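Written out below as structure tokens is the structure these notes cover.
The values are calculated or read from the model by the stated rules, or taken from the named source; none is laboratory data. Not measured: the values here are computed from a predicted model. Cβ atoms come from the backbone with ideal geometry, glycine included; neighbour counts cover every protein chain shown.
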Ligand SMILES: Nc1nc2c(ncn2[C@@H]2O[C@H](COP(=O)(O)OP(=O)(O)O)[C@@H](O)[C@H]2O)c(=O)[nH]1
Ligand SMILES: [Mg+2]
């Protein structure tokens, strides 16, 4: 399956595919966590971003899921380690394990659901208090394809995001609208100095050269 | 080849429980396995008829009955045997109106909402399930109001859903669900999930003892056990392993209890030792557990898997001792 190879793991020796030929690319790896109430579309956003698919009946996430995706910006290859969490309140006790050491977070709400927006704000507060101080947070108002029955106004969320220093976009995992863009915006905002891939990596995590040089078919071609 | 052609014609793309088989389902391998397994099933069924004639209420599970259960309860007897060996039938007899009373009571909106969200995403690929949604809602809502400490926990939809497929009976499903949540794995589904976190830590300790290099490799790659195994424990492998395998596992769970859950988890790790050690990054490892492990032999030959899990050495005393050590851990 092409998608398997793309989402990491089986990409075969690929230093030869280095884009732009001449220039040595930088490789960065970032840990990104998705947070938000149940059924707002976290898993669907990841599925769209990683595999380009959408499932009307996305199975509920029990515990957490892990996926990877790589994108390119300018001369940098950015590999996201994506931690998709369960939304139900009782799974909350597991969440710190996932956002600990994360360099980025996407906090998701559903534009048709006011409660999910309030829950998103609580997540943002928790991240500001508990996560790494430099974490880049994006707020995603998902299910934008249903904007005719929205209850959370775009302007309201935008203003909240600005006041709290968050990136903000309305997204649709269903149509794909702004899905790549929000990950791209995060990648742009993350520091890509040498060694960025080491910051906050989980203890014991090592990057060997082989892994570092992996390319995927999603970028730079 | 003929074999391939006949296997696709003999086995439809939907299994006997109404689940759609995956696109890469290995029909040829399955045909080979089934040609033997069907004969075994028939023999087993005749033996079970005899057992049930002799010992209709299955009150005592002696070593012979246990052996038979480990070999698989025949489909037509499964619901009935589960009810009896688990003790759920007795509980139901003692409170014959409980389920109906629960259904007649007032529901809390918050509980209903969280169940409703999960209904369409429970077994969407199962062809019978469209008509079962309302019954699944009843089971979950009744249980959530019956046990306030648990309420509704995501994952129970898969357990109750599979129970409903097997029993085709709301009330039996309710009692079996109650048995699993309260007697097999108590405090897994409650609001703090205390015993789930404890048992994940226990499981990790057991891997450290039995396959230290596997544990070290997983730690080095940085994939927490909670990501790998939370769903295994929460759902008792429903929606994790193929249906037939899960039902064989549940046969043993109802007869022998929580130890089986650890057996299965251990077997999944130990039979994939080489594959785990062969993963050279976290993405490959996550993919192994999420996708690759759920294809291949485990899918087509549940019988060998069950045999493998009973070959693993595991004592209740070891489990209980580890549980004492691991209480309160929450970072596995
Ligand atoms: N219309 C619409 N539905 C969506 C969108 N994203 C997710 N969904 C649906 O919302 C439900 C919950 O999605 P899921 O990704 O499981 O949410 P999670 O619990 O936050 O991971 C699923 O039925 C999805 O198909 C979207 O952008 N638009
Ligand atoms: Mg999810």
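Does any residue of region A:114-122 turn out to be more than 16 Å from ligand 1 (Cβ to nearest atom) and in contact (Cβ under 8 Å) with a residue 60 or more places away in the chain? Within region A:114-122, not a single residue is more than 16 Å from ligand 1 (Cβ to nearest atom) and in contact (Cβ under 8 Å) with a residue 60 or more places away in the chain. Residue count for region A:69-99 under the criterion of being away from ligand 1 (no atom under 16 Å from the Cβ), within 9 Å of another protein chain (Cβ to nearest Cβ) and farther than 12 Å from residue A:30 by Cα: the result is 3. Does any residue of region A:20-37 turn out to be touching a strand residue (DSSP E or B) at 6+ places or on another chain (Cβ under 6 Å), more than 10 Å from every other protein chain (Cβ to nearest Cβ) and within 10 Å of ligand 2 (Cβ to nearest atom)? Checking region A:20-37: at least one residue is touching a strand residue (DSSP E or B) at 6+ places or on another chain (Cβ under 6 Å), more than 10 Å from every other protein chain (Cβ to nearest Cβ) and within 10 Å of ligand 2 (Cβ to nearest atom). Out of region B:269-314, which residues are in contact with a helix residue (DSSP H, G or I) (Cβ under 9 Å, 6 or more places away or on another chain) and outside any helix (DSSP H, G or I)? If the condition is that a residue be in contact with a helix residue (DSSP H, G or I) (Cβ under 9 Å, 6 or more places away or on another chain) and outside any helix (DSSP H, G or I), then B:271, B:272, B:278, B:279, B:280, B:281, B:291, B:296, B:301, B:312, B:313, B:314 are the ones that fit. Is it true that residue B:227 is in contact with a strand residue (DSSP E or B) (Cβ under 8 Å, 6 or more places away or on another chain) and either within 12 Å of chain A (Cβ to nearest Cβ) or buried (at least 16 other Cβ atoms within 10 Å of the Cβ) (or both)? Taking the combined requirement at face value, the residue satisfies it. Among the residues making up region A:165-194, those that are loosely packed, with under 15 Cβ neighbours inside 10 Å, over 14 Å from the mean Cα position of the chain (by Cα) and modelled with pLDDT of 95 or more are A:165, A:175. Scanning region A:137-158 for residues being under 21 Å from residue A:184 (Cα atoms) and part of a helix (DSSP H, G or I) gives a total of 5.
Only a single item in (1) more than 13 Å from the chain's Cα centre (by Cα); (2) touching a residue at least 12 places away in the same chain (Cβ under 8 Å); (3) surrounded by fewer than 24 Cβ atoms within 10 Å (Cβ to Cβ) is not met by residue A:50, and it is number (1). So, residue A:141, is that one more than 16 Å from ligand 2 (Cβ to nearest atom), in contact (Cβ under 8 Å) with a residue 24 or more places away in the chain and within 10 Å of residue A:45 (Cα to Cα) or not? Taking the combined requirement at face value, the residue does not satisfy it.
Residues checked against (1) modelled with pLDDT of 95 or more; (2) on the phi > 0 side of the Ramachandran plot; (3) within 13 Å of ligand 2 (Cβ to nearest atom):
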site	(1), (2), (3)
A:5	no, no, no
A:42	yes, no, yes
A:69	yes, no, no
A:73	no, no, no
A:87	no, no, yes
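If you check residue B:129 against the conditions, is it more than 22 Å from residue A:63 (Cα to Cα), within 11 Å of chain A (Cβ to nearest Cβ) and surrounded by 19 or more Cβ atoms within 10 Å (Cβ to Cβ)? Criteria met by residue B:129. In summary, helices (runs of 4 or more DSSP H) completely within region B:74-179 and bearing 2 or more residues that are more than 20 Å from the chain's Cα centre (by Cα) occur at B:88-94, B:98-104, B:109-118, B:133-146. Here residue A:133 passes the criteria (1) in contact (Cβ under 8 Å) with a residue 12 or more places away in the chain; (2) more than 11 Å from ligand 1 (Cβ to nearest atom); (3) away from chain B (no Cβ under 14 Å) except the one numbered (1).
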